[in-house]
Amino acid sequence: MKKRNVLKGLLVFGMVGVFIMTGNSESLAQKDFPNKEIEIVVTFSAGGMADVAIRTINDELAKVLGVPVVVVNKSGASGTIGAHYVSQSKPDGYTIGGTSNSTLVIAPLVLGKLNYKPSDLLPIARIVSTPQMFCVRKNAPWKTLEEFISEAKKNPGKLTCGSVGVGSTVHFTLEMLKIEADVDIQHVPFKGGGEGNAALLGGHIDLVATSFNPTRPLIVSGDMRALVASNRIKEFPAIPTLEEKGYPRVAFTNWVACFGPKGIEGSVVDKIANALEKALKAPSVVEKLEKTGSQVDFVAKEKFAQIIEDDMKRYGEVVKKAKIVVK
C-alpha cells in the first residue's frame, strides 16, 4: 500500500515536473525568438499589392531577424482563406499573415459568416499604404472633381465610375463620395484594376476609382489624369487631396499589414513589429516601395488595432447606406 502511494506520488511529481519543464522551455523559446524560419502567409495571389509589399521587405526583414523568412500565398474569398489558415496556426510567431484592409476590415462587414472570428486574429503592424484616386482619361472634359460632380448632379445616374469590384476598397470610396456629395453616379464593377483602366481609356466609362499602384504608369504617361487622391502623393504633389476638396470622410486608403493568430506572447509581437519597422527604414526598401506606388506607413499593435476599429465603423456606415452586399 505504502509502495503504491509512493509510486503515485512520484508519478504526480513527475507530471508536475514535465509541466514545469514545458513551461520553462516555452518561456525560453519566446526569449530566444526567433531561432528558426518564419513563414509569412500572404492572403492574396502573387503580384497583388499585399504580395508585392511583403516580398519587397522580405529580404531586409530576414536580415533584421537573423533567420530565413519565407513568403507563401494562400488566396481566395477576399483573403479569408489565408486569414483562417493563420488563425489556426500555433501562436508562437513563426507563422504570421500579410494582408490588406480588404481582409481585416471589409470582409467581416460584407461576406456574412466567416469560418473564423475577427478576434481570432492579432494585429501586429500596418506597414505600407497606397493612395486611392479618381481618374479620367486625358481628353475628358472635366479638369477638376468639382466639374465632374457638377455634371453628375445635372445628369443623375448618367455618368459612370468603374472599380475593381463590388465590396472593394475603391468601391467604398466611390459610395462614400456619392453619400457626401449627394450625387448619383452609376457604379460599374470589373474583375480587376487593369480592366477598369482599359474601360476608361476606351471611353466605356467616365471615371475610375482606383489605387495609385496599378494606375501610376498611366499617370506618368499622361494617358490618365487624377482629379483627386485620398492623400498627398510625393511623386505628384499637384494632385489635390479629398480633404482639400472638402471630403475628408471619403479619404480611404489601401493598406498592407501583418497579423498573427491570437495568443502570441507580447514580447514576440514586439520583436516582429520592431523588425518590420527597422526593415521599412532601409533606403532600398523605401525606394522599391515608392516605385510600385506604395509608401511606408508604419503603425503597430494597439494603435493599429484602433485604426482597424475606426475603419470598420466608417466602412460599416457605407455598407448600410449604400446597401453593399457581396454575393
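Along the charge dipole of the chain, which of T144, A198, V188 sits closest to the positive end, that is, farthest toward it, with unit charges on the beta carbon of Lys, Arg, Asp and Glu (+1, +1, -1, -1)?
Projecting each Cα onto the dipole axis, the largest value belongs to V188.
Would you work out the relative contact order for the chain, in percent, from Cα pairs under 8 angstrom that are 6 or more residues apart?
Relative contact order of the chain: 26 percent.
Which of the following values of Cα Rg over 2.2 N^0.38 Å was calculated from the structure shown: [x] 1.27; [y] 1.19; [z] 1.36?
Label [y] holds the value from this structure.
If the only charges are +1 at each Lys and Arg Cβ and -1 at each Asp and Glu Cβ, what is the size of the charge dipole of the chain around the Cα centre, to the nearest 20 debye?
Value, rounded to 20: 960 debye.
Using label points projected 7 Å from each Cα along Cα→Cβ, tell me how many nm separate K262 and E317, to one decimal.
2.7 nm
Find out how many positive minus negative residues lie around R216, taking Lys and Arg as positive, Asp and Glu as negative, among other residues whose Cβ is under 9 Å from that of R216.
0
Report, in debye and to the nearest 20, how large the dipole of the range 132-250 comes out about its Cα centre when Lys and Arg carry +1 and Asp and Glu carry -1 on their Cβ.
Dipole magnitude for the range 132-250 comes out near 220 debye.
Evaluate the Kirkwood expression for the hydrodynamic radius of the range 132-250, namely the inverse of the mean inverse distance over all pairs of different C-alpha atoms, and round to one decimal in Å.
13.9 Å
Mind scanning K63/K234; K63/K281; K36/K63 and naming the pairs with a C-alpha gap bigger than 23 Å?
From K63/K234; K63/K281; K36/K63, over 23 Å: K63/K234.
Go through K90/K278; K178/K262; K138/K303 and tell me which ones have a Cα-Cα distance over 28 Å in this structure.
In this structure, K178/K262; K138/K303 exceed 28 Å between Cα atoms.
Looking at the chain, do any whole DSSP H helices span at least 24 angstrom along their long axis by alpha carbon and average -0.5 or above on Kyte-Doolittle, and which?
Going by DSSP H runs, the hits are 2-31.
Readers should treat all values here as calculations from the given coordinates under stated rules, not as data from a laboratory. Values in this document were obtained by computation on a predicted structure and should not be read as measured data. All Cβ positions, glycine included, derive from the backbone under ideal geometry; neighbour counts span all protein chains shown.
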